[in-house]
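Visitor: Would you mind keeping the following structure in view while I ask a few things?
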Amino acid sequence: MLFCPNEAPGHLEGQRLLWNLLQRALRREDGSAWFRYPLFAADDTARRRPDFLVASRKYGLWLITCRGTRVEHFDPDQAREELALLAAQADALRQRCANRPELVGLECRPDIRLALPFVKTPQALLEVAEEPVLRSQILTFDELSPTALRHHFASAATDASTDAQWTLLLATLRGSLPGPEPRPLQQGAPEDSPLHWVAAVSSVPRRLDDVQERVANEIPEGPQRIRGVAGSGKTQLLARRAALMHAVHPDWDIALVHPHRGAGQWLWELVASGYRELTGTVPDASRVRVWHAWGDDVVTGFYRELARTWKGRVLTSADAQSYLGWRQAAAAGFKWACDQLEADLAGTVVEPFLDAILIDAGQDLPPACYRLAYRALRAPRRLYWTHDDAQGMDNLEIPRAAGIFGLHPGGSPRLDLSGQYPSGIPKARNLRRGYRTPSSIFTLAEGLVMGLQRKGGPLQAVTHRDEWNGLGFLAEGDFSDRGVRSGGPITLRPDPDASGHPYDHRTLPELDPDADDEAEQEPPLLTMVETTEEQATIAALIEGLRADFAAGLTPEDVLVIVLSQAQPNPDKLRIALNYAGIDAFVPETTGAFRQSGCVTICDVAVARGQEAWKVYACGLQRVTAESVVDPDDAIGRRNQAFVAFTRSRMWCVAIGESGPFMDELAALLRQGPDVTFPAVAAAELHRDLSYWLLAGNDGSGGEPPRELS
């Protein structure tokens, strides 16, 4: 059974004792158990959650509240109130299940119990409360041993679900994320139309997996780092956590911080949607705030609130340009402002004013921003951040805790994110399962972003088998020092368990016996178009779009992404498409991303957080252009290409002029779906993406402790 603590169980109420007993009693059973599952009774303004929800294939559903009452203080009226609240929460759970047509006919009303682990003997309780119904719903210490619990659950079990219903019930309890609207197949669509796949993929709900459900609902009692691959739902899960914290702790001051201008409204809508789903009401914007990392004179931001609250200088982008110059300020202006504020506050004691800070897309924020956030938090400093290092464009410093907060003189990290908290919640989470992009595109994108087929060797990569597994790959080869010295081959294969995309779990049609292989049955999802100059790029794009529309796709199904400063730029493409009779729209950093009936064309920086059924990634020659000035610049451009490819829900077309980058892509396509490359030492990489802490190694030759959970 999977045990999911959403917060730290309390000692005084006996919750930790009962949590341990439940784990001992049910560890071999099929199902899940939660401490503080997010479930509220309809009329409970206090929004209290049940202490325990048990969903067992063998024993059914149970809601249990635990109280540290002693027998001499037992109050039957209070017990009735606790059980009445549990009954109302059970009604809420039953209603949630009733809204799923697939669960019709399944009894989803859980049994309810009040646990009194500090009441030693049932007889002492019977002398106080002689009501049989009340007594049958109360469990005392002697009835809470693992053996007694299993016997009690078995005596009342009424579950009669089928395997399919049980699977769906667990999925219902875990919840789901919003996905693309279902697109029923148009009548008369040709057999080879992409609309068949659009209809099939869009009809599959985005149910939360085990790790996603934990990230959405747990509230760790300290900092937590959440690394996730592209399309793993990081932003939506973080917004759900913010909504839950606001619902159950309405007196907390919470900030959801993001680095990308224009994302604020979307993030607020995600928080508000999650909050409405939990409570049926609107969140309080004075308690849960969505802040841009920097902010400006029109819309405040996290940095500006810190500077104003602590009476520091409020530096703007204009100040950064004046001090650093335009080009340097565009890349490092926010880092400069945070460094200045941190320097201004050095040696001073500042008053924390927030209870929780959640940072989205943390790979684009500098270390000083994290340190300032840590100082802004009241104890126990709930700082949670998500990141994907392969998507970093504005900042390439990896947000490892050891790098951000430094080391003690002895070499141990000041903020240790290895292991777990006393609650059992891990200090670091890893979301390796992607849902947006098919694994064939994702694998190619990873190979390109790291430069696994680059002539000079990879620029960035991980160097441990477990680290590749954390990115969703099964890695084969010799990772020892000997294997690295000899440059032995490492082969990466997509792990089927790491993809949640429906295409990767499809039932293949019967193959044509005359076909040579499966590839002839299903065209590749990622194709490349190599051009010679701008006009050829424009012509290839127009030809592709016309074919898409003839096949049934709409302009809203397509997204054209151009690498920053590449040619032809978005405005040139818009003019060319409009001239060819294709309506196109270039969004600003803020405002609407799409217009009805138009193909969206945007710079890669604007595309972050967006997705489309088909993506055209243009200007890829810029990744390895002669204008690349240093390894950081080269990595930043590869990360741009990675972001462009992984906006795809289904298909991607890579368009670029002939050159080294297109040669790399061609080599990867010839290898696919696996990728093979020579083993490389971490010291040879410009950017080591591993999360193995080098500090703290005891010199025994064993592997050092990890931040990766």
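The values are calculated or read from the model by the stated rules, or taken from the named source; none is laboratory data. Treat the numbers as computed from the prediction; the structure is a model and nothing was measured. Neighbour counts run over all protein chains shown; Cβ positions are idealised from the backbone, glycine included.
Visitor: Of all the residues that make up region 280-327, how many are crowded, with 21+ Cβ neighbours inside 10 Å and either assigned to a helix (DSSP H, G or I) or acidic (Asp, Glu) (or both)?
Guide: 6
Visitor: What's the number of the condition Arg67 fails, among (1) modelled with pLDDT under 95; (2) under 32 Å from the mean Cα position of the chain (by Cα)?
Guide: Going through the list (1) modelled with pLDDT under 95; (2) under 32 Å from the mean Cα position of the chain (by Cα), Arg67 breaks only (2).
Table: residues versus (1) surrounded by fewer than 17 Cβ atoms within 10 Å (Cβ to Cβ); (2) β-branched (Val, Ile, Thr); (3) in contact (Cβ under 8 Å) with a residue 60 or more places away in the chain.
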{"position": "Leu377", "(1), (2), (3)": "no, no, no"}
{"position": "Arg382", "(1), (2), (3)": "no, no, yes"}
{"position": "Asp389", "(1), (2), (3)": "no, no, yes"}
{"position": "Arg400", "(1), (2), (3)": "no, no, yes"}
{"position": "Gly403", "(1), (2), (3)": "yes, no, no"}
{"position": "Lys427", "(1), (2), (3)": "no, no, yes"}
{"position": "Arg454", "(1), (2), (3)": "no, no, yes"}
{"position": "Thr463", "(1), (2), (3)": "no, yes, yes"}
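Visitor: Among the residues of region 53-69, what is the count of those that are of a type in the set (Lys, Arg) and under 19 Å from Gln137 (Cβ atoms)?
Guide: Narrowing region 53-69 to residues of a type in the set (Lys, Arg): 57-58, 67.
Then drop every residue that is not under 19 Å from Gln137 (Cβ atoms), which leaves 67.
Final tally of qualifying residues: 1.
Visitor: Oh, and also: What is the residue count in region 552-594 for residues that are assigned to a loop (DSSP other than H, G, I, E, B), of a type in the set (D, E, K, R) and out of contact with any Gly (no Cβ under 9 Å at 6 or more places or on another chain)?
Guide: At the first step, the residues of region 552-594 found to be assigned to a loop (DSSP other than H, G, I, E, B) are 552-554, 563-569, 580-583, 586-594.
Retained after the next criterion (residues that are of a type in the set (D, E, K, R)): 583, 588, 594.
Now restrict to residues that are out of contact with any Gly (no Cβ under 9 Å at 6 or more places or on another chain): 594.
Summing the residues that are assigned to a loop (DSSP other than H, G, I, E, B), of a type in the set (D, E, K, R) and out of contact with any Gly (no Cβ under 9 Å at 6 or more places or on another chain) in region 552-594 gives 1.
Visitor: Here's something else I'd like to know. Go through region 625-662 and give me each residue that's assigned to a helix (DSSP H, G or I) and free of Cβ contacts under 8 Å to residues at least 40 places away in the same chain.
Guide: Filtering region 625-662 down to residues assigned to a helix (DSSP H, G or I) leaves 631-645, 660-662.
Result: Asp633, single match.
Visitor: Kindly list the number of the only condition in (1) farther than 27 Å from Asp632 by Cβ; (2) modelled with pLDDT of 95 or more; (3) surrounded by fewer than 18 Cβ atoms within 10 Å (Cβ to Cβ) that fails for Ala343.
Guide: (1)
Visitor: Would you please name the residue that is nearest to the chain's Cα centre (by Cα), looking only at residues in region 152-201 that are within 30 Å of Asp142 (Cα to Cα) and without any contact (Cβ under 8 Å) to a residue 40 or more places away in the chain? Quick ask: steps written out before the conclusion?
Guide: If we filter region 152-201 for residues that are within 30 Å of Asp142 (Cα to Cα), which is where we start, we get 152-160.
Cutting the leftovers down to without any contact (Cβ under 8 Å) to a residue 40 or more places away in the chain gives us 152, 155.
On the way: His152: 38, Ser155: 40 Å.
The qualifying residue nearest to the chain's Cα centre (by Cα) is His152.
Visitor: One residue is enough: does region 373-380 have a residue meeting the conditions among the small types (Gly, Ala, Ser) and touching a Ser or Thr at 6+ places or on another chain (Cβ under 9 Å)? Talk me through it step by step, then tell me what you get.
Guide: First, the residues of region 373-380 that are among the small types (Gly, Ala, Ser): 373, 376, 379.
In the following step, the residues that additionally are touching a Ser or Thr at 6+ places or on another chain (Cβ under 9 Å) were identified as 376.
Within region 373-380 (the criterion being among the small types (Gly, Ala, Ser) and touching a Ser or Thr at 6+ places or on another chain (Cβ under 9 Å)), the answer is yes, since at least one residue qualifies.
Visitor: Further, regarding this structure: Which fully enclosed helices (runs of 4 or more DSSP H) of region 130-208 have 2 or more residues being at pLDDT below 85 and of a type in the set (Asp, Glu)? If you could, list the steps in order and put the result at the bottom.
Guide: Values: elements: 132-136, 146-156, 163-174, 195-202.
Result: empty, no element qualifies.
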